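Student: If you scroll down you'll find the structure; I have some questions about it.
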Amino acid sequence: MSADTANPADGVLFVDGERTASWYSEQVAAIAPVEIVLGDGCVVEIDPAYPEVVLAWRASSDAAVAILAGAVGDPAIAEIVNAARAAGSGQHIVRASVLIDTWASFALVIAATRWTMRPVHQGALLIDRAVAAAAVGRDAAAKTLFIYAEDALLELGRQCVDGELPAAVTDLVGHAVRVALGLGVAGDAARLADDLDGHSAIDDNLLREFLTRRRQAAATASTDGQSGTLDGEDAVLTMGSDIVDIQAVPPRIIAWHGAERPELVIEHRSDGEVFIVTATLADGVDPSCREVRGLLAYAAERDTGTLVATAPMRLLGRALIAKLPAGRWVIADLHFGVLDAGIDLEALRTDPIGRCLAAVDRIMVDAWGHQRAATATLHAVPATADAELLDKARAEHRARLRTARSSAANARKHIERALRGVDPGDQDADALRTLLRHRLEAVIRYPQAMAPGPDPILTELVPPERDE
């Protein structure tokens, strides 16, 4: 995808009293943005829909601005920042920047790592991260990732040589083996390098099986949520549900049922003293991992967003359960959620506008997932496949894009509803309208990103490991 598709906008460069330089575009992200760390003290923000377009960047006073200049292929950036710092605190209009190809590919991998909501093949993700790190010169990180991914690289390589995986997967695995060889960490997969160049083509029957496994893995998770019972409590006064703000939790820890399906079941016990908040652990998650142990449930006043209670979540089978004090509250007056213990409570989006934007993030991340799945489907099927298989792949591609467009239209409705609901008497009314209008413009613009889009990575092509 060319940068022209996203129409990158110029922005404003600010230099503060500590000589930190921060640049912000007028353009905001359609999908929830991700930060890409270029180097110590130097960070850029991108929209996964346009991973090459920089929406914002920040360089601390001691950051090597040359890193940023190299990442965007524009030596003048360093000169502009140095001149702005020399001029002292202030702001300057500065043209937009676009990441060079290797950094744009790196950004896509980071976006997939953060915003792929379904379970993934962990080995494929490690390989993608290793290849991307090597491409931007992070050899030490790439070596470490390849060591962790050695078994997966060997197994995927064997499957490619045996003609069990599509050519698109084989090409990516072959490239990964060559990168690992160059770093001296290919391990047992090194002996597959030559064989991968002359691999057996997957036959149509195996390809059908492969695509079926991909569809099953990407399908909406089971609707069988678990509601927990603690300490013998079994009488429920009222029940409710709520969604998780995906920016507040690590990815792929809580089971994802789709953007419109709440993950949380809320129970108000008959004694009126507690709310029981229940979520379901995602498939394949280690119950003892740090991400699970660091989850907290919270309740906030629905009208104001004021936090009223938090409590750690604990496991009961595959259910994550927390007990929150109810006090004078009833379910209808509160918004419930889950957060990672490491995030700043000030970042929680609990007020009405924040909850709207959290819902929009969910919908747009879902849309992006369908868009990327559509791209992966076309790449998985070679032009030599039989007519029936080609027709099915094209039909799935069209269906996925329709779903993505439908999701974007739904997100648009959410934002328009929130715009109509802004209280004119609110002292922040103008700022809220501006925030919502900018996000609305980004959502309206998003369908431009759907075709052709960047080529898929291994994580998007390979189904998650199957439990034997």
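Student: What value does segment 78-175 have for Rg/Rh, both radii from Cα atoms and Rh as Kirkwood defines it? List each step's numbers first, then the result.
Tutor: Values: Rg = 19.0 Å, Rh = 16.1 Å.
Rg divided by Rh gives 1.18.
Student: Which order, highest average first, do 293-304, 73-84 follow once you tally other Cβ atoms within 10 Å for each residue and take the mean per peptide?
Tutor: Packing order, densest peptide first, comes out as 293-304, 73-84.
Student: Ignoring any ligand, DNA or RNA, what whole percent of the accessible area of the chain comes from carbon and sulfur when the probe is 1.4 angstrom?
Tutor: On the way: 10470 of 21030 Å².
The C+S portion of the solvent-accessible surface of the chain is 50 percent.
Student: In whole Hz, with x marking every Gly and Pro, tabulate ³J(HN,Hα) for segment 415-429 from phi via Karplus 6.51 cos²θ - 1.76 cosθ + 1.60, θ = phi - 60°.
Tutor: For segment 415-429, the Karplus curve yields 5, 4, 5, 5, 4, 5, x, 5, 6, x, x, 5, 5, 9, 4 Hz.
Student: Can I ask one more? Using a Förster distance of 45 angstrom, determine the FRET efficiency expected from the C-beta separation of residue 93 and residue 270, and round it to 0.05.
Tutor: So, using R0 = 45 Å, E works out to roughly 0.15.
Student: Sort the following peptides by mean Cβ neighbour count (other Cβ atoms within 10 Å, averaged over residues), highest first: 420-432, 106-118, 330-342.
Tutor: In decreasing order of mean packing, 420-432, 106-118, 330-342 become 106-118, 330-342, 420-432.
Student: Mind checking the log10 I(q)/I(0) for segment 332-468 at q = 0.10, 0.14, 0.18, 0.20 Å⁻¹? Debye, one equal scatterer per Cα, no solvent, two decimals.
Tutor: Rounded to two decimals, the profile gives -0.49, -0.81, -1.06, -1.17.
Student: Here is a follow-up. Just the accessible area per residue of segment 1-94, please: how many Å² with a 1.4 Å probe? Walk me through the numbers on the way to the answer.
Tutor: On the way: 3870 Å² over 94 residues.
Result: 41 Å² per residue.
The values are calculated or read from the model by the stated rules, or taken from the named source; none is laboratory data. This is a predicted model, so every value here is computed, not measured. A quick note on method: Cβ atoms are made from the backbone with ideal geometry, for glycine too, and the neighbour counts reach across all protein chains shown. When the accessible area is computed, the model is the full protein with side chains, heavy atoms only, and any ligands, DNA or RNA have been set aside. Shrake-Rupley method; radii C 1.70, N 1.55, O 1.52, S 1.80 Å.
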